[in-house]
Amino acid sequence: MSIRVYNTMSRTKEEFRPREPGKVAMYVCGPTVYNHIHVGNARTFLSFDVIRRYLMWRGYEVTFVQNITDVDDKIITRANEEGRSAAEVAQEYTAAFRSAMDALGVLPPTSQPLATQTIPDMIAMVERLIERGHAYVVGGDVYFSVRSFPGYGALSGRDIDELEAGARVDVDERKEDPLDFALWKAAKPGEPHWPSPWGEGRPGWHLECSVMSERELGVPFDIHGGGSDLVFPHHENERAQSEAATGRQFVRYWMHGGMLQIDSEKMSKSLGNFLLLKDVLARYPAPVIRMLMLQTHYRSPLDFSDSRLDEAAAALERISNVVRNLEWTVQSGTTGHGASVEDRAALDAAVRQARERFVEAMDDDFNTAGAIAALFELGRVCNAYLAEHLAELGSDDRSVLRSAAQAIRELLGVLGIRLEAEQKEEEPTSEVVAMARDLAGYGGEDAEEALRALVAAREAARAERNWSAADAVRDALGVLGYVIEDTPSGPRVVFRGKE
Ligand code: AMP
Ligand code: ZN
């Protein structure tokens, strides 16, 4: 079975075949660090975190590169408003971005280059483009000549003549063609600038991603990701620059995430309808936010609201309860005669099926909604099993209950949803064996058997009306953290842990 990926370039799902077997090279455009990121931005970063985690879980070695845009008009504007340097603003929000990503459980990139530390490489790419006839200098500016790159528009599915008609509105007479975009901008007073062959200036935004991805990963690399709002012009321009500069394919699979919305409108800084990730994280734990976001396929729009967060919290609580009950049952010593072989086999099959359905869904263009649904279905089967068999569960049931709990924990973990750690208090097995030797004449080494021998000894004492001997067994077990419960199928021992 293979993974299928929706490629924006071909507009179809394609079989995922990385350039090198077993390895994936991926690049996801990072933030412009002029403010805290909002939950819309976070959705895109989360989607690609899950894609990366799943590929890793499927055995790929993933190299994940993400840039930080730390020089940009918005950063400069903010710095001027606040009377600080652009570098100070960028540093503050780079640190804030990293800590918010960490709090959301997004794995740190393999490398995370800053635009301001990539200037010489960017200048080198502009020189390559000029040499190859794809760029031209006007004063201190350098522009990319869109008409010089025949495939322009193929990624976003736009027709270059229609684009041209639209672009005529804002004519900049220094450009040879209204579609051309800046690779290098001459410095304006009060802006950060670097020396270049064309004078002091700074790079255009699209350039850094072309340069960093090629330097860190080589071309063509496997996956280039971002939100769907980046397809045009950002990714169209990245592709044009890179393919024009190298003469080679830039990216094998272009992947784009759908927009997070509030009241059916895209969340964005400019519309003012945004919620900062850090503020939402102060109200809801990261696993709840992840659960909400991952219940929708990454390419679909996602409506964000408090009521949906509350629903996600309730869903997470339900599945956590299942796992807690399973683990508690396994730990608490199951000394009944056990569920029937058929029932046990059915639960075992349900665990296997949930794993298969999870993989099938994720292999199908990372369908996290389907993957989560498979886990909830297993949760329902487990609840029914526990409800039906709780009183009779025996040691034979333990391994299947344990494997169900492990499957849910592990697969939620693949989605980066961590349940609370298992409350594990080691059962005092050697003490139980020693106690059974003293009080029940037990000669073996197995703690389960020892518990059964102790219960049998107590039953025998009771049958002989030897209450003090019966109570001695009960009290001794109590000291080790066990209680004896009477059930319709006879007494069983449950490990509660020491008070
Ligand atoms: P920016 O800092 O604006 O370049 O955005 C960083 C990332 O967030 C990009 O991948 C954008 O596509 C993505 N993004 C911006 N707004 C949204 C939104 N409302 N929903 C999902 N992703 C978004
Ligand atoms: Zn980019």
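The values are calculated or read from the model by the stated rules, or taken from the named source; none is laboratory data. No experiment lies behind these values; they were computed from the predicted model shown. Reconstructed Cβ throughout: ideal geometry from the backbone, glycine too, with neighbour counts over all protein chains shown. These area figures cover heavy atoms from the full protein model, side chains too; ligands, DNA and RNA do not enter into them. Shrake-Rupley method; radii C 1.70, N 1.55, O 1.52, S 1.80 Å.
With respect to the chain, whose longest principal axis is taken over its alpha-carbon atoms, helix 429-440 is tilted by about 10°. Judged by the mean number of other Cβ atoms found within 10 Å, the most tightly packed of the peptides 123-136, 309-322 leads the ranking 123-136, 309-322. When all alpha carbon pairs of the range 249-405 are counted in 5 Å bins from zero, the resulting P(r) reads 2, 8, 14, 16, 14, 12, 11, 9, 6, 4, 3, 1, 0, 0 %. Relative to the longest principal Cα axis of the chain, at what angle does helix 306-331 sit, 0 to 90 degrees, rounded to 10? Between the helix axis and the principal axis of the chain, the angle is about 40 degrees.
Mind scanning LYS188/LYS278; LYS13/LYS266; LYS74/LYS175; LYS185/LYS269; LYS74/LYS266; LYS74/LYS278 and naming the pairs with a C-alpha gap bigger than 29 Å? LYS188/LYS278, as the Cα separations exceed 29 Å there. Packing order of peptides 378-384, 68-74, highest average first: 68-74, 378-384 (average count of other Cβ atoms within 10 Å over each peptide's residues). In plain terms, the chain from ASP364 to ARG84 could stretch by 96.0 nm, reckoned as 0.36 nm per residue minus the Cα-Cα distance. Here each label is just a point 7 Å from Cα along the line to Cβ, and for SER340 and ALA187 those points are 8.4 nm apart.
Basic side chains Lys and Arg get +1 at the Cβ, acidic Asp and Glu get -1 at the Cβ, and with that the dipole of the range 189-246 about its Cα centre reaches some 100 debye. 3J(HN,Hα) along the range 58-75, derived from phi through the Karplus expression 6.51 cos²θ - 1.76 cosθ + 1.60 where θ = phi - 60°, amounts to 7, x, 7, 8, 9, 9, 10, 10, 9, 7, 10, 7, 10, 9, 5, 3, 5, 5 Hz, with x in place of Gly and Pro. Positive-end ranking of PRO192, ALA167, PHE144 along the dipole of the range 132-278, with charges on Cβ about the Cα centre, is headed by PRO192.
Rounded, prolate or oblate: which one fits the range 164-216, using the alpha carbon gyration tensor with axes a ≥ b ≥ c (rounded when a/c is under 1.5, else prolate when a/b beats b/c, else oblate)? Each step should come with its number before you reach the end.
Working: a/c = 2.62, a/b = 1.33, b/c = 1.97.
It is oblate, given that a/c is not under 1.5 and a/b is not larger than b/c.
Loop-resident trypsin sites (Lys or Arg not before Pro) (DSSP state other than H, G, I, E or B) in the range 450-479 with no more than 14 further Cβ atoms inside 10 Å of their Cβ: ARG465. Only one residue of THR44, SER85, GLY59 has its Cα farthest out toward the positive end of the dipole of the range 1-96, where Lys and Arg carry +1 and Asp and Glu -1 on Cβ, and that residue is GLY59. In this simple spin-label approximation, VAL479 and PHE232 carry label points 7 Å from Cα along the Cα→Cβ vector, and these lie 8.0 nm apart. For the chain, the Kirkwood estimate of hydrodynamic radius, built from reciprocal distances between every pair of different alpha carbons, is 26.5 Å. Post the alpha-carbon centroid distance, the range 314-351 to the range 10-74, in whole angstrom. First find each Cα centre; the distance between them is then 37 Å.
Placing +1 on the Cβ of each Lys and Arg and -1 on the Cβ of each Asp and Glu in the range 316-414, which of TRP328, LEU347, ALA373 has its Cα farthest towards the positive end of the resulting dipole? Selected residue: TRP328. Helix 39-57 axis versus longest C-alpha principal axis of the chain: approximately 60°, rounded to the nearest ten. Rolling a 1.4 angstrom probe over the range 314-446 with all protein chains present gives an accessible area of which 48% lies on carbon and sulfur atoms. May I ask for the distance between the Cα centers of the range 445-460 and the range 157-210, given as a whole number of Å? When both Cα centres are located, 81 Å separates them.
Here the gap between GLU173 and MET56, fully extended at 0.36 nm per residue and compared with their Cα-Cα distance, gives a gain of 37.1 nm. Using only side-chain charges placed at the Cβ, +1 for Lys and Arg and -1 for Asp and Glu, the dipole size of the range 1-108 relative to its Cα centre rounds to 680 debye. Accessible surface of the range 34-103, 1.4 Å probe: 44 percent of it comes from carbon and sulfur atoms. Among TYR298, TYR34, the sequence by solvent-accessible area, most first, with a 1.4 Å probe is TYR34, TYR298. Over the chain, average the accessible area per residue using a 1.4 Å probe and give it in Å², no decimals. Per-residue value: 44 Å².
To check you understand DSSP bridge types, tell me what percent of the beta bridges within the chain (both residues inside) are antiparallel, rounded to 5.
Expressed as a percentage, antiparallel bridges in the chain total about 55.
Label point of LEU107 set 7 angstrom out along Cα-Cβ; within the range 206-250, amide nitrogens under 18 Å from it belong to 217, 222-226.
When you restrict to C-alpha pairs under 8 Å that are six or more residues apart and normalise by the size of the range 316-414, the relative contact order lands at 47 percent. Extending 7 Å from Cα along the Cβ direction at ARG147 and again at ARG324 yields two label points whose distance is 6.8 nm.
Normalised by the number of residues in the chain, the mean separation of alpha-carbon contacts (under 8 Å, six or more apart) gives a relative contact order of 15 percent.
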